[in-house]
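The values are calculated or read from the model by the stated rules, or taken from the named source; none is laboratory data. Owing to the predicted nature of the structure, the values given are computational and were not obtained by experimental measurement. Every residue, glycine as well, gets a Cβ built from its backbone with ideal geometry; the counts of neighbours run over all protein chains shown. Accessible surface is based on the protein model in full, side chains and every heavy atom, while ligands, DNA and RNA are left aside. Shrake-Rupley method; radii C 1.70, N 1.55, O 1.52, S 1.80 Å.
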Amino acid sequence: MFGPERSFERPKGTVSDIDEALFERSAISKRIQTPPLLLSPSYKGIPSKSVKTSIHSSCTHGSKVKAIHRVISRSVANSVLPTLRSSQSIAMALDCRANWQVQMQVRTIPARSADRSDLSHTVISPEKDSGHTSSLKPPTTPIHLPDEIIIRILDYLAALHDAQASLASVCLLSRQYYSAAISFLYHQPILYGKNFDPFTRAICPSINLHVRRSPLSKLVRILDLGKLVHQGSKSVTARLLGRTKEHLQYFRAPQASFAVNCLPALAKCQSLRTLDLSLVSESPPLADLLRTVARIDSLLHLCLPRSSGFGVHSRPTAFAWPARLEHLALSGGIDDHFSRGVVAFPITLRSLTLEHCPHAKGFAVAHLLRTAVQALPRLEEVRIAYMPRLSSHALDSILLLLPQISKLSVSVDYITPAMFDESHFNHKTVAPLAVFEAQGFEPDRTATIEDKGVFSHSHLRMLELTNSGNPSVEDKISPIDIMLAIDDNVLPALRVVRVAKSLDWQGATLADETEALADALVEASKADWDAKQSQYMATTRKDSLVRPWEKWAGVWTFDG
């Protein structure tokens, strides 16, 4: 009637288990002094509707008893156990609050290695973690520096050779640093092939100035395009001169992209002080170029192109010079027609350079020095080099022709020791007679030993000897020749001698003579200082006295 008997497994959560759970629940409730938790109504002997339905659905008495156990177990498990878990959490929280000791479990933090696929785990103990956390300080706000201090720092930074990249990085820090560093960045931009196009787009954002004007163009003071060969064009060079004309002070023209169309923009650069056209391979007409630069009243330094030509049909009235010109470098097509008085130099000239003149001959250069250069009252420095048509003794008379200069730079290719020899009177054929008569020289009388000091050059303080590349010129001038000139009072004011390394004055052959010459120059400079010591003591402190023989007097070498 009841069917075959089957093995019956006791289900989880039976009455005995539930009783034990309820007992633990009541103990926890009394401990935390909270009201007893409400249980399911089915446990108090009042079966719910779902329980009644499940019981009456059973057919046999045994199955009815099993069903009651199953329903009660499921109801208690669903209602009592979550309540027990929450009670345990509340009790744990109260215990932790009373003791203020929290037992933290050991945490594992994944740490990334160099390879993202490998992940290693680092174990951090609570003691180390708490100590690391306590050592960290809260973040603070950045210190605000005044603009004056930032500008002072940037002033030192801009003086470095490779400061352009650093200044560009400073501009990216903040708006304050950008406003302080942008003027230093564009003051003297270093331009080469890769950055020339971005610089051009920044200065000239549009072809027409009235369409879009760049505020960066007013910051450019020095524009050196000497490193450019085929980059850019002649129109781009003219456009850059037009945009930077307001405050441009130095301009060095590129080799292949300077032409006649740049002259109108160049004439408007009224703040320009130095104009270097020495690298221009295709020079515009020299008369037009000089008329253009004559309009720049502030121009002080001018270097003409090596490709410039004066031409035989040039009139003296066609050439004009800037009103304040002080330094002039002549190169290119200087011929006999030019040297015979076609061009008159400005009286404000203080420095003159003659270089890379392939057509100039010795007698023409001597005539130029005697007529146009000697009449300059403020001339202090003369430099002559790279003149291929000059003879080996073409400039032996230069000290007699230019008695007013204090600095002379001449190539040893064109001089001999006769320029220091007072008994060598071949100079009278090229030197003006007034120069000799003013110093007590009689052309018809033979020189004697009593004439020592007649040709004394009392203004020359620095002599520079260079090498133009001709062979067998290393031994033309030796240190002993200059020492004899000092002893004979031909060069009484000479204190500095600069020599190119290619002349080998530091070699084993001339090392002793060079050292003796250096000692003589230093002793002469020390004597000058001793003579003026009382004057220095009256105007300066003793600890700040400048001793010339320790600073610049002597023999110096340079690359060349």
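Residue separation of Asp162 and Thr274 scaled by 0.36 nm, minus their Cα-Cα distance, works out to 38.0 nm of gained length.
Which length gain, in nm to one decimal place, applies between Ala320 and Ser298 when the Cα-Cα distance is subtracted from 0.36 nm times their residue separation?
Length gained between Ala320 and Ser298: 6.5 nm.
Note on the stretch 166-243: with neighbouring protein chains present and a 1.4 Å probe, carbon and sulfur make up 56 percent of its accessible heavy-atom surface.
What nm value, rounded to one decimal, do you get for the distance between Arg378 and Lys501 when each label is placed 7 Å out toward the C-beta? Computed distance between label sites Arg378 and Lys501 equals 3.7 nm. The simple Förster model, with R0 at 30 Å and r as the Cβ-Cβ distance, assigns Lys551 and Thr348 a FRET efficiency of 0.50.
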